[in-house]
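Mind looking over this structure? Questions follow.
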Amino acid sequence: MPKKKKKRIDNVELLEELEFYEGPKRGRGINSKYIIGFLLLVIVIAGILFSPLFAVKEIRSEGAEHFTTTELAAMISLSQGDNLILFGKSKAEKILEQDPYIAQAKLKAELPGTMVVEVKERKVRGYVPYMGAYLYIDEEGRVLETQNVYHDALPVVRGLNFDSFLLGEVLPVENADALQIVLQMSQMMKKYNLLDLVVEIDVTDPKDIYAYVNKVEIRLGDMADSDQKVRIMGEIVKTIPKEDRGTLDLRDLRKPIIFQYLT
C-alpha cells in the first residue's frame, strides 16, 4: 500500500482556516472604564479627607493639671484647622512623653471636629536642695524640674548623697535606702492628708531620721512603725502653735509621747 504524502502548508491563511488552529493569543488590555472609576474614587476620598468636615475645631485635654490645653497643643504644634485624620498622632504622643512631667500621652479624634489630648502626669512629691536650687522629684525619685524656690507644701529632703542628675531620670543617689525612706514618707504624708505641712526631712542617717515642721523638731528614729509615726506626727503638730519651739520624740511609740518646749 503506497504511503500518503504529507501535505506541507506554507500559507498561514490556510492554517487559520483549520478548526484546530486558534492563532496567536492577544493580550487583554485594562478596561479604561475601571481606571477612570478608580481615579474618581481616589479624588472623592481625598476630597472628603481634606474637607472642612475633618478640620480641628476644638482641642480638649484630659488628665492634665500641670499643663494647660494651650500648652499641650503648642508642644505638638496642634492648632485649629489641622486635619483630624491626617495629623501625626503617634509622633505627637512621643513628643509629649519626652517631657518629664508626662508619663503617658494619647491623642484621639472625635467627630465632627474635636481632638482630645489625654495625658497621665507625674506628680511632685518632694524637693531636694541642690546648689542653691531645688530639684522637684516624683514618687519614684525622678527629677521633674529645677527651680530656685518651691511653692507647694511638700517635704524638703536633706541628706541625699549625689554628685549630678539628669532631668527626667531617677536621682542617682549613693544612699539609695535614704531615697526610699523619703519616698515612703511622702506617700504616708499624702495618705494622712499632711501635704499642707511644710516639712523638712533629714535622712542623713536612715536609722536616725529627723523631721522639722515650723519650729518643731521631730525625732523619728528608724522606719519601724513609720506609718504610725507619720500619722501621730501630723496629729500633734497641727495642735502646736507655729511660734512654739520644741522637740517631739517618736522614736519609741511604746513610751509616752511628750512635746518638750524650748525657750
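The values are calculated or read from the model by the stated rules, or taken from the named source; none is laboratory data. Please read all numbers here as calculations on a predicted model, not as lab measurements. A quick note on method: Cβ atoms are made from the backbone with ideal geometry, for glycine too, and the neighbour counts reach across all protein chains shown. Areas reflect the complete protein model, heavy atoms only, side chains present, ligands, DNA and RNA absent. Shrake-Rupley method; radii C 1.70, N 1.55, O 1.52, S 1.80 Å.
What residue, among those in the range 75-94 that are among the aliphatic types (A, V, I, L, M) and in a helix (DSSP H, G or I), is surrounded by the most Cβ atoms within 10 Å (Cβ to Cβ)?
By that ranking, first place goes to A92.
Consider only pairs whose beta carbons are under 8 Å apart and that are at least six residues apart or on different chains; among these, list those whose first residue lies in the range 70-81 and is free of Cβ contacts under 8 Å to residues at least 60 places away in the same chain and whose second residue is among the acidic types (D, E).
Short answer, once both residue conditions are applied: M75/D99; Q80/E58.
From the list V143, V156, V124, pick out the single residue that is over 30 Å from R60 (Cα atoms) and touching a Phe, Trp or Tyr at 6+ places or on another chain (Cβ under 8 Å).
That would be V156, the only listed residue that is over 30 Å from R60 (Cα atoms) and touching a Phe, Trp or Tyr at 6+ places or on another chain (Cβ under 8 Å).
All but one of (1) loosely packed, with under 13 Cβ neighbours inside 10 Å; (2) at pLDDT 65 or above hold for L40, so report the exception by its number.
(2)
Answer yes or no as to whether F67 is among the aromatic types (F, W, Y) and either at pLDDT 95 or above or under 29 Å from T146 (Cα atoms) (or both).
Answer is yes for this residue.
Scan the range 225-248 residue by residue and report those that are open to solvent by 40 Å² or more (accessible area, probe 1.4 Å), among the polar types (S, T, N, Q) and touching a residue at least 24 places away in the same chain (Cβ under 8 Å).
Answer for the range 225-248, where residues must be open to solvent by 40 Å² or more (accessible area, probe 1.4 Å), among the polar types (S, T, N, Q) and touching a residue at least 24 places away in the same chain (Cβ under 8 Å): just Q228.
Scan the range 160-208 residue by residue and report those that are farther than 17 Å from V124 by Cα, aliphatic (A, V, I, L, M) and within 24 Å of the chain's Cα centre (by Cα).
Within the range 160-208, just V173 meets the criteria.
May I pose another question? Could you identify the single residue in A133, A153, A176 that is touching a residue at least 24 places away in the same chain (Cβ under 8 Å) and surrounded by fewer than 17 Cβ atoms within 10 Å (Cβ to Cβ)?
A153
Sticking with this structure for a sec: Out of everything in the range 106-158 that is small (G, A, S) and not in a strand (DSSP E or B), what residue ends up being modelled with the lowest pLDDT?
My answer is A153.
Hey, another quick one. Give just the number: which of (1) open to solvent by less than 70 Å² (accessible area, probe 1.4 Å); (2) outside any loop (DSSP other than H, G, I, E, B); (3) under 30 Å from E62 (Cβ atoms); (4) at pLDDT below 90 does Q187 not satisfy?
With respect to (1) open to solvent by less than 70 Å² (accessible area, probe 1.4 Å); (2) outside any loop (DSSP other than H, G, I, E, B); (3) under 30 Å from E62 (Cβ atoms); (4) at pLDDT below 90, Q187 is out only on (1).
Take the residues in the range 156-167 that are in contact with an Asp or Glu (Cβ under 8 Å, 6 or more places away or on another chain) and surrounded by fewer than 19 Cβ atoms within 10 Å (Cβ to Cβ), then tell me which one is nearest to D222 (Cα to Cα).
R158
Can you tell which of L194, L262 is closer than 15 Å to L154 by Cα and modelled with pLDDT under 90?
L194
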